[in-house]
Structures are given as C-alpha cells and as structure tokens.
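Notes follow the structure.
Values in this text are rule-based calculations from the coordinates and carry no lab data. Model, not experiment: these values are computed from the prediction. Virtual Cβ from ideal backbone geometry, glycine too; neighbours counted across all protein chains shown.
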Amino acid sequence: QVRLVESGGGLVQPGGSLRLSCVASGTILSINTMGWYRQAPGKQRELVASISTGGVTNYADSVKGRFTISRDNAKNTVYLQMNSLKPEDMAFYYCNAGLVRYSGGYVDNTWGQGTQVAVSS
C-alpha cells in the first residue's frame, strides 16, 4: 500500500513564502511523475507543477517564476517551494503520484489528503 502525506501549509502574508513537502510511504521501488495540484473553493482542481523521475518539470502559467518543484527520489519526497505568494494562490494543495512500483505491485494516480495554504494580510 502507498500513502502520500503532505505538510508545510499554513497562513502567510502576500509576498511571503512556503515550502510544501509530500512523502510517499510504503515499500516503494520507484515513482513515475509526481505533481502538486490545488483546489480553491468553488473551483476545479488544477495542476500547479509536475516533475518526472528524471527531473523534467512543468508549471502552470500562473506560478511560473514563483514556484519551484523538486524531488528527492531516495526519500520518495516531492517539494514545492512557493515564493511571492498571492491571495489567488490560496487553496488546498494536493500531492499526486503517477505510476508507483512497490512491494505489492503497481498503483497509479495516488493522492494525498491535502494541505491548506492561506495568503492574507
């Protein structure tokens, strides 16, 4: 079984920074693409950033130049460094893992429980 656990959310003033972390637990052998999504009240969940096993990244236009996604494959962890936060960044942020190979086989499209990011003065 594979679980994703996010941390690092909180309240920050506009222009501030937060770093989100997502750890995949279980006897994991490999993880394909990992990503961060967000969902604000009344809106659809949207991709914020993704990163492949080899480190190729993809960002939503709204966060380019402000957010940086990275991963530590040895620790089965993905990070999202968020700088210059804006009120419109306020949402629940969810970690997602693509195809995961673990001791029990394979599992695809696993989600974390989410962590809340609030941006307000």
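In summary, the lysines within cross-link reach of Lys43, defined as a Cα separation below 23 angstrom excluding same-chain residues under 8 places away, comprise Lys64, Lys86.
Placing +1 on the Cβ of every Lys and Arg and -1 on the Cβ of every Asp and Glu, with nothing else charged, gives region 51-117 a dipole about its Cα centre of roughly 160 debye. Computed over the chain, the convex hull of the alpha-carbon atoms projects to a mean area of 6.8 nm².
Karplus-based coupling profile of region 12-27, in residue order and whole Hz: 9, 6, x, x, x, 10, 9, 10, 8, 10, 9, 10, 8, 10, x, 7, with θ = phi - 60° in 6.51 cos²θ - 1.76 cosθ + 1.60 and x standing for Gly or Pro. Region 64-121 and region 1-48 have Cα centres spaced 2 Å apart.
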